[in-house]
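What follows is a short report on a single structure.
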């Protein structure tokens with residue numbers, strides 16, 4: 001990893017904890033959460049929990065974050081506890097995980113949209129596994145966001161499914177010079 005990337009992605013803090021996030025990601029997600037009044041977030045891939053905290057500060061409903069390993073610092077774990085974040089240490093690729101997520105989302109509040117945030121290890125596979133409308137995890141009015149660090153995901157790899165499922169593209173952006181992408185789609189009402 002180059003020093004330039006490390007200084008912008010790894011070696012900075014936010015809310016007093018290690019961020020491991022490109023700084024522009026916080027701006028893009030702040031914009032997304034503000035514009036779309038997200039009620040609940042299901043985050044697939046917690047990482048160190050930076051975006052999880054941002055989600056919890058914005059959302060009126062639950063924030064559920066799922067990852068096989070808990071890499072959050074004690075400080076971030078404490079912050080998530082104070083923000084009432086639910087951390088589930090489960091494997092995203094396990095066959096019984098999608099039904100667990102579906103059960104959690106059946107307790108959604110009213111008609112506030114859910115953000116399904118895909119940021120785990122295999123974004124294309126997770127999109128196919130969790131965003132398929134036949135699964136019942138996402139409902140009309142919900143949003144699906146996929147975030148990566150350049151080489152992990154390209155929106156072209158899911159375009160066929162996006163079209164087949166009738167999802168609407170909100171945006172597909174390259175976040176500044178960090179070579180990080182964000183693709184956001186909505187499930188039509």
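Only the coordinates and a few stated rules stand behind these numbers; no lab work does. Owing to the predicted nature of the structure, the values given are computational and were not obtained by experimental measurement. Reconstructed Cβ throughout: ideal geometry from the backbone, glycine too, with neighbour counts over all protein chains shown.
Once the chain from residue 15 to residue 100 is taken as fully extended at 0.36 nm per residue, the excess over their C-alpha distance is 27.6 nm. Shown here are the Rg and Dmax of the Cα trace of region 71-189, at 15.0, 43 Å.
Simple spin-label estimate for residue 81 and residue 154 gives 4.4 nm between the two label positions (7 Å along the Cα-to-Cβ direction from each Cα).
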